[in-house]
1. So if we plug the beta-carbon distance of residue 77 and residue 358 into 1/(1 + (r/R0)^6) with R0 = 35 Å, what FRET efficiency do we get, rounded to 0.05?
2. Once both labels are modelled 7 Å past Cα along the beta-carbon direction, what's the residue 324-residue 381 spacing in nm?
3. Kindly work out what percent of the DSSP beta bridges joining two residues of the stretch 17-270 are antiparallel, to the nearest 5.
4. Nearest 10 degrees is fine. How inclined is helix 119-131 to the longest principal axis of the chain, computing both from alpha carbons?
5. Extension gain residue 438-residue 84, at 0.36 nm per residue separation less the Cα-Cα distance, in nm?
6. Among 25-36, 112-123, how do they line up from the highest to the lowest mean number of other beta-carbon atoms within 10 Å?
7. Taking a ≥ b ≥ c as the square roots of the eigenvalues of the Cα gyration tensor of the stretch 17-270, is the shape rounded (a/c under 1.5), prolate (a/b larger than b/c) or oblate?
8. Compute the Cα gyration tensor for the stretch 1-53, then decide on rounded, prolate or oblate, letting a ≥ b ≥ c be the square roots of its eigenvalues: rounded whenever a/c is under 1.5, prolate when a/b is larger than b/c in the other cases, and oblate in all that remain.
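What follows draws every value from the coordinates through simple rules; no lab data is involved. Predicted, not measured: the structure shown is a model, and the values here were computed from it. For neighbour counting, all protein chains shown are included, and Cβ atoms are generated from backbone atoms with ideal geometry for every residue, glycine included.
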């Protein structure tokens, strides 16, 4: 089966073909690093991490770019509030971003460009747009994009200019010719630090938000590439504006008509107890706050049980259920240690593997792929097949799951005052009681452990333990 991707631009599932045979070039909008990453960021990072993993498992070489916005109004304001430099703030938040991403098992992108390093490329693009008549300087020193002069504006959001204009509530201000026009270059403000200012043909200033992604994607992936991704909230206006910039700059050149990106992918929103996640509602969670309550594998599994385009509803009950379900997969691997199997040696014609592949080839259908893992785990439990256990682990690896030591995972998250050594001591005392036929004492020890959230599992090879669901 050929991989199909839902293309936001066409609003349809389309067979995927890369521009360059065997090589996929993908750009995903990353984080604005003024604070810790939240659940919405986790959702996007995991979604496109799986895209990258599956493309690689399918034999493609992937060049994956995920940018970092390190110059922005919020960053400047936060740095001033904290009494620190912009660089100090952004370096600290980027380190925290990497800690969170690493904890969730997210592979690093091929390139992670910082906006500040690409200001010359942004100015070059702004100059090209000005020469095309698509950009104009305003009296306040800003440079704006003339939206109505780009004939394709609105094709990603599916709205006409008149529809967008009717919904516009911002009056024409700051030298804009039209409320839909957006800023490409912001003139320097007196209260902004020198490190937020660059020399330009338009005077001291800094780039607008939208221009950075057009400049960085072109610099690292070329004027046209395969996949552009990001959260659903970026579809308009950010991604619409990227298209206007990148494709507008090609008008009158040999590249005119060439798409910025051929496939546009957008992951769904995160909701908390069926309400939109927002700081004003008090239901806003950072990744590290969630990881204080739940292990990273459980959080990742919870995210992947929903399709990347669907809404994701966060609640403690859903995380608890995800933990219990994931334990069933790890229990199968613990009972039947897998034989060695590299992901690239998977036989994709085998029944379970073929079903898994079909699910993932249909717009990265992780819910159906996860269902295959549970069917496979049931077979492992029935047959004790080390080969099927190896397949279970290999397929899980395509999703970034099931790579931990089963015993360690099953024993993690214990809500008990006992440590592993104390538990093993009680298990040994129970074994001695059983050997002495003191079954009442053996049962008492089992119940004592169970009361503290520890479940014992007896087998011909001995007794193991895990944390109760």
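1. On the way: r = 49 Å, r/R0 = 1.39.
E between residue 77 and residue 358, to the nearest 0.05, is 0.10.
2. For the pair residue 324/residue 381, the computed spacing is 1.3 nm.
3. Of those bridges, close to 40 percent are antiparallel.
4. So the inclination is approximately 40 degrees.
5. 120.8 nm
6. Result, highest mean first: 25-36, 112-123.
7. oblate
8. Prolate is the answer for the stretch 1-53, as a/c is 1.5 or above and a/b outweighs b/c.
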